[in-house]
């Protein structure tokens, strides 16, 4: 009922595959790798190993975002306005098709759409989301939406129920409102703190275990992806913590 992993291969693939059964690929957000590359990852992984991935930023982030500079992407000037915020543009749709192709090659189970903090609840943004997910339709993987600014609970619930989306959250910041599974991304942010360098405590683990138990009681499996600087150690420690609870 709970799957634990890291946001990215923070160790060698061989070591990671020996330790965890789940990873969320981060590279796909910055630059989509070649299909041959991800097919190689799939072939190297154990048969029961599970991949999830972040959708390419061309869908979610405008070309003015510093994440494009970090990825060293050279976007033609005449195309820049067409990227991001789920706009009904050729650029966004091509970004989706390329993301979906990578997900299929990887046999990924979940695609995460991480929205920028500036993607706030407006009539225009809401319309973009409706048009985008309506066009996407049925796909062979689950789709998770991570909204990082204040959206109304009713709006989130309606969106997720209409398009069969997972409400992706940091469980230390808010509770998930919808989805067939719970998809948690832990950014190093327990209550009252916002520190990527933060290392989770045993008290944090007890809280997280209770949240996962609540999801289990509701019949929802939980994906638990650590995304802080200590993600490898924290994910290992939490895995051991859960094992001790069962003992």
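Exposure proxy check: 246, 142 ranked by fewest other beta carbons within 10 Å?
Numbers: 246 5, 142 19.
Ascending number of Cβ neighbours within 10 Å: 246, 142.
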Among bridges DSSP assigns within region 2-246, what percent are antiparallel (round to 5)?
-> 0 percent
Using alpha carbons only, how many degrees (0 to 90, rounded to 10) separate the axis of helix 35-44 from the longest principal axis of the chain?
-> 10 degrees
With springs only between Cα atoms under 10 Å, which of 145, 53, 129 fluctuates most in a Gaussian network model of the chain?
-> 129
What angle do you read, to the nearest 10 degrees and between 0 and 90, between the alpha-carbon axis of helix 231-246 and the longest principal axis of the chain?
-> 50 degrees
For region 1-74, list log₁₀ I(q)/I(0) at each q in 0.18, 0.23, 0.25, 0.27 Å⁻¹, using the Debye formula over Cα point scatterers of equal strength and ignoring solvent, two decimals each.
-> -0.77, -1.05, -1.16, -1.26
According to a simple spin-label model (label point 7 Å from Cα along Cα-to-Cβ), what is the distance in nm between residue 175 and residue 67?
-> 2.8 nm
Taking 1 over the mean of 1/r across every pair of different Cα atoms in region 179-243, what Kirkwood radius in Å do you get?
-> 12.2 Å
On a 0 to 90° scale, report how tilted helix 90-106 is relative to the longest principal axis of the chain, with both axes built from alpha carbons and the result rounded to the nearest 10.
-> 40 degrees
Per-residue Cβ neighbour rank within 10 angstrom, fewest leading, 20, 113 = 20, 113
Principal axes of region 2-246: Cα extent on each, largest first, Å | 55, 42, 33
Debye intensity ratio in log₁₀ form over the Cα atoms of region 52-142, taken at each q of 0.17, 0.20, 0.22 Å⁻¹ | -0.73, -1.00, -1.19
What span do the alpha-carbon atoms of region 90-145 cover on each of the three principal axes, reported in whole Å from largest to smallest?
-> 34, 22, 19
If you take the square roots of the eigenvalues of the alpha-carbon gyration tensor of region 1-125 and sort them as a ≥ b ≥ c, do you get rounded (a/c under 1.5), prolate (a/b over b/c) or oblate?
-> prolate
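Can you pull the Kirkwood radius for region 77-207, inverse mean 1/r over Cα pairs, to one decimal in Å? Walk me through the intermediate numbers first.
Values: mean 1/r = 0.0619 Å⁻¹.
It is 16.2 Å.
Every number here is computed from the coordinates shown, using simple stated rules; none is lab data. Please read all numbers here as calculations on a predicted model, not as lab measurements. Cβ sites come from the backbone with ideal geometry, for glycine too, and all protein chains shown count toward neighbours.
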